[in-house]
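Participant: One structure, as structure tokens, below. Some questions next.
The values are calculated or read from the model by the stated rules, or taken from the named source; none is laboratory data. Note that the structure is predicted; figures quoted are calculated from it, not measured. With ideal geometry, Cβ positions are generated from the backbone for all residues, glycine too; neighbour counts draw on all protein chains shown.
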Amino acid sequence: MATETTALDHAENKGGDWGGGTSPMKASYGKLMMWYFLLSDAFTFAGFLITYGTLRVSVPTWPVPDFVFQSVPFLSGHYPLIFVTIMTFVLIVSSVTMVRAVQEGHRENQKGVVYWMALTIIGGACFLGCQAFEWNTLINKEHMGLTVNPFGTHTESGTYLEGDGHGIKAGDTFAAGDPYLVHMDHKTHEFNFLSYKNEAGEKGQQTLGPKAFGALFFFITGFHGFHVFSGVIFLLIIMMNVITGLYIKRKNGYEMVEKIGLYWHFVDLVWVFVFLVFYLL
Amino acid sequence: MGTGVTYEESISKVWKGFWLLGAVTIVEVIIALLGNGHLIHGFELSRLIMYPAMIGLSAFKAYFIVKEFMHMGYEVRDLAMSVLLPLLLLVWAIIAFLWEGTYWGSARQKVNDKNELKVPPTSSLNDAADPELYTGLL
């Protein structure tokens, strides 16, 4: 950066900032284009998340996030939102190590860049592992699919007439707005919808939740996870280039590390909103 | 880094940023758990407090990541504006699509209600001309 601005100061400036011959944004072409790529990517993610909001407000009930996301590896029981909070922390830490890599790059400290980039890659891989666990739980344990959503919400209060062998017993009561998970019978591979009696004494049966939830969840977290995955690949490639000394010759303060850093922070930034929309609201 | 701070200062700033983002995330999760009655039995925080608080805190996290981690606060103003101003389009997108989704919901509800209506066989044509029926066509 420093070398660039001095070069600009000495450049002939005939038509003002935008008359040519100068760099009005005081940033290289690559960095500028990374910013505009991220802008376009932000619109893609915004489109996905706004779709989620639109479909969510268009149906009377929606799966309750702290009921859907409550599994933690190696622990049985219910820990609402704990695991996604850990995932968020993993991503924040990897963002911080990335800032450190960029800082060491500005000081032309090759070893420092490799060290902090390696930590960033480990963080990204940990996040992907966490996501794999979450997807596996939803797909194989809870049988959620692109068009099947076993997470429902009661629209009236009542009493169960039968149990499901997963914590619900006959005679248990529930209130309107309470979430439930429809379990699959492992022999017949069919959903076991529990019947209940509402307060007026009428018989009712559980139903599946809003269909769109599964597709939205897998598309949005999958698209984000794919960004993390490609980020890890690019970080690996650039780390290899740092190790072989490619950027030493360029003498531009490891600008390539700065550019992949922008991308990596953007992935963290998107997660802030995925976390908000999917898990908090 | 061209901003007049020493190397040590910039490092401590990064770690301060880490603790700040972590603290905000924990506050968000606590608000979410409070709001759904997981922390204090029988107490649920009002959605009117819960939703704006979580949206505000997330917006702050986004602002911090862009300004400090992505270094946008130290770029030329033209660069920052050329990236940030187009995002204002999203304000309208959010309002318009949530409005549209709410309409889909109420329209579906209306159709379901109409389907359950039993028209008495004696009713004449004039009685059946319900002005409500035509609002969906407008």
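Participant: Which count do you get for residues in the range A:78-101 that are within 9 Å of chain B (Cβ to nearest Cβ), touching a residue at least 12 places away in the same chain (Cβ under 8 Å) and within 28 Å of A:P210 (Cβ to Cβ)?
Facilitator: Number satisfying all stated conditions: 5.
Participant: Here's another thing I want to ask about it. When you check A:G214 against the structure, is it part of a helix (DSSP H, G or I), touching a Gly at 6+ places or on another chain (Cβ under 6 Å) and surrounded by 15 or more Cβ atoms within 10 Å (Cβ to Cβ), yes or no? Quick ask: steps written out before the conclusion?
Facilitator: Numbers: part of a helix (DSSP H, G or I): yes; touching a Gly at 6+ places or on another chain (Cβ under 6 Å): yes; surrounded by 15 or more Cβ atoms within 10 Å (Cβ to Cβ): yes.
Yes: the conditions hold for A:G214.
Participant: Just name the residue that is modelled with the highest pLDDT out of those in the range B:39-59 that are farther than 24 Å from B:F18 by Cα and small (G, A, S).
Facilitator: Among those residues, the one meeting the criterion is B:S46.
Participant: I'd like to check something: does the range A:56-77 contain any residue that is part of a helix (DSSP H, G or I), of a type in the set (S, T, Y) and facing chain B (nearest Cβ under 10 Å)?
Facilitator: No.
Participant: Here's something else I'd like to know. Residues to consider are A:G204, A:G225, A:G231; find the one that is assigned to a strand (DSSP E or B) and in contact (Cβ under 8 Å) with a residue 40 or more places away in the chain.
Facilitator: A:G204
Participant: Okay, moving on. Looking at (1) outside any loop (DSSP other than H, G, I, E, B); (2) acidic (D, E); (3) farther than 18 Å from A:Y279 by Cβ, which is the one condition that is false for A:D164?
Facilitator: So A:D164 meets the others, but not (1).
Participant: Of all residues in the range B:60-82, how many are in a helix (DSSP H, G or I) and more than 23 Å from B:L21 (Cα to Cα)? Spell out the reasoning first.
Facilitator: Taking the range B:60-82 and keeping what is in a helix (DSSP H, G or I), we get B:60-69, B:72-74, B:77-82.
If we keep only those that are more than 23 Å from B:L21 (Cα to Cα) as well, we get B:77-79, B:81-82.
Summing the residues that are in a helix (DSSP H, G or I) and more than 23 Å from B:L21 (Cα to Cα) in the range B:60-82 gives 5.
Participant: A further question follows. Taking only pairs six or more apart or across chains, which ones have beta-carbon atoms under 7 Å, a first residue in the range A:265-281 that is closer than 20 Å to B:N36 by Cα, and a second residue that is part of a loop (DSSP other than H, G, I, E, B)?
Facilitator: From residues that are closer than 20 Å to B:N36 by Cα, the pairs are A:Y279/A:F69; A:Y279/A:L81.
Participant: So which residues in the range A:23-33 are part of a helix (DSSP H, G or I) and more than 10 Å from chain B (Cβ to nearest Cβ), if there are any at all?
Facilitator: Across the range A:23-33, the qualifying residues are A:Y29, A:G30, A:M33.
Participant: I'd like the residue in the range B:74-102 that is more than 30 Å from A:D17 (Cβ to Cβ) and either β-branched (V, I, T) or within 8 Å of chain A (Cβ to nearest Cβ) (or both) and, out of all such residues, is surrounded by the most Cβ atoms within 10 Å (Cβ to Cβ).
Facilitator: B:G101
Participant: Another one. What's the total number of residues in the range B:85-131 that are more than 24 Å from A:R56 (Cβ to Cβ) and at pLDDT 95 or above?
Facilitator: 2
Participant: Okay, next question. Quick one: which residue in A:L181, A:L161 is within 23 Å of B:H38 (Cβ to Cβ), outside the structural domain of A:P63 (by TED's automatic domain parsing) and at pLDDT 85 or above? Before the answer, list the steps.
Facilitator: On the way: A:L161 fails: within 23 Å of B:H38 (Cβ to Cβ).
On inspection, the qualifying residue turns out to be A:L181.
Participant: OK, next. Could you check the range A:184-200 and list, in sequence order, the residues that are at pLDDT 85 or above and closer than 12 Å to A:G163 by Cα?
Facilitator: Selection gives A:F193, A:L194, A:S195, A:Y196.
Participant: Moving to a separate point now. Restricting attention to the range A:115-126, does a residue exist that is without any contact (Cβ under 8 Å) to a residue 40 or more places away in the chain and in contact with an Asp or Glu (Cβ under 9 Å, 6 or more places away or on another chain)?
Facilitator: Among the residues of the range A:115-126, at least one is without any contact (Cβ under 8 Å) to a residue 40 or more places away in the chain and in contact with an Asp or Glu (Cβ under 9 Å, 6 or more places away or on another chain), which makes the answer yes.
Participant: Further question on the same structure: Please specify each residue of the range B:31-43 satisfying the condition of being surrounded by 13 or more Cβ atoms within 10 Å (Cβ to Cβ) and either more than 7 Å from chain A (Cβ to nearest Cβ) or within 17 Å of A:V93 (Cα to Cα) (or both).
Facilitator: Residues satisfying the conditions are B:I31, B:L34, B:G35, B:G37, B:L39.
Participant: Evaluate the following for A:T155: is it outside the structural domain of A:R56 (by TED's automatic domain parsing), in a loop (DSSP other than H, G, I, E, B) and within 23 Å of B:E44 (Cβ to Cβ)?
Facilitator: When the stated conditions are applied, A:T155 passes them.
Participant: Ok, one more. Among the residues of the range B:59-71, are any charged (D, E, K, R), surrounded by fewer than 15 Cβ atoms within 10 Å (Cβ to Cβ), under 26 Å from A:K31 (Cβ atoms) and at the interface with chain A (Cβ under 7 Å from one of its Cβ atoms)?
Facilitator: No: zero hits.
Participant: Within the bounds of the range A:180-195, is there any residue that is under 18 Å from A:E142 (Cβ atoms) and hydroxyl-bearing (S, T, Y)?
Facilitator: Looking through the range A:180-195, at least one residue is under 18 Å from A:E142 (Cβ atoms) and hydroxyl-bearing (S, T, Y).
Participant: Kindly provide the set of residues from the range B:20-52 that are on the phi < 0 side of the Ramachandran plot and out of contact with any Leu (no Cβ under 9 Å at 6 or more places or on another chain), ordered by number.
Facilitator: B:L20, B:L21, B:G22, B:A23, B:I26, B:H41, B:S46, B:R47, B:L48, B:I49, B:P52
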